[in-house]
Amino acid sequence: MKTYLLATTAAVLMAGPLMAGGLVQPTVEPVIATPAPVVAPVYDWSGAYVGATGGWQFGSSTLDPGATVDVDGAASYGAFAGYNFQNGNMVYGGELAAGLYNGFPVGSPTASYDYVIDAKARAGIAMDNVLLYGFAGPSLASFTDAGANQYNLLGANFGVGGEYGVTDNLSVGLEYIGHYLTGDTAAPATTQTDWLHGVQARVALRF
């Protein structure tokens, strides 16, 4: 009888953990999803644009044979159109600009630059909505001298600038532009060579 009771007690004790183990469900830890990082949009400088400029220019004019005189500092204004390509933070493209300059060689107040046309190759570095760039290209100017003779001057433009993207479709900027212009005048065997320097503000609509 004692042996029977011991065997029964041992069986109950062994069965208890097995039954309890069968009833306890394993604890499943909840999976917490990690939110994807928020990436701020980067300003896109690529595409077509048009705009206007306004600024101030000055310089010097040399007649050969003759003398070198200062070119009166005066207002300049114009319009431009261009197209940008962007590869990473590199921005490059082309621009065509036309401008008017009210300055004249000192001593010849009736002389004037009728217009200046610039073709520019541009390249720069973008830092989000800030663009720093340089440019260079050929230029054509029409000049009327004190005797009302009109002739063309050919040469080059060069400079540096910066732009700030206000919105996706609007940017403002400031640039330095230089011109080297030369050509034959209306006087026999006389060449005119001009160096012009200017600072101009820019406003552009981007598409």
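What relative contact order, as a whole-number percentage, does the chain give when Cα pairs under 8 Å and 6 or more residues apart are counted?
It rounds to 19 percent for the chain.
If I take the Cα coordinates of the range 63-102 and project them onto the principal axes, what are the three extents in Å, biggest first?
If we take the Cα atoms of the range 63-102, the spans are 50, 21, 14 Å.
Do the sum for the chain: with -39,500 (n - 2.57) for every DSSP H run of n ≥ 4, divided by all residues, what is the mean residue ellipticity at 222 nm, to the nearest 500 deg cm²/dmol?
The helix-only estimate for the chain comes to -3500 deg cm²/dmol at 222 nm.
Using just the C-alpha positions of the chain as equal point scatterers, what log10 of I(q)/I(0) does the Debye formula give at each q in 0.07, 0.11, 0.16, 0.18 1/Å?
-0.37, -0.64, -1.00, -1.15
Under the 0.36 nm per residue contour assumption, what length would be gained going from the current alpha-carbon distance of ALA74 and VAL31 to full extension?
Gain in length upon complete extension: 8.4 nm.
Taking Cα atoms, how many degrees apart are the long axis of helix 2-23 and the longest axis of the chain, rounded to 10 and kept between 0 and 90?
Taking the Cα atoms of the chain, the angle to 2-23 is about 20 degrees.
Every number in this text was worked out from the coordinates using simple rules, so none of it is lab data. Computed from a predicted model, the values in this text were never measured in an experiment.
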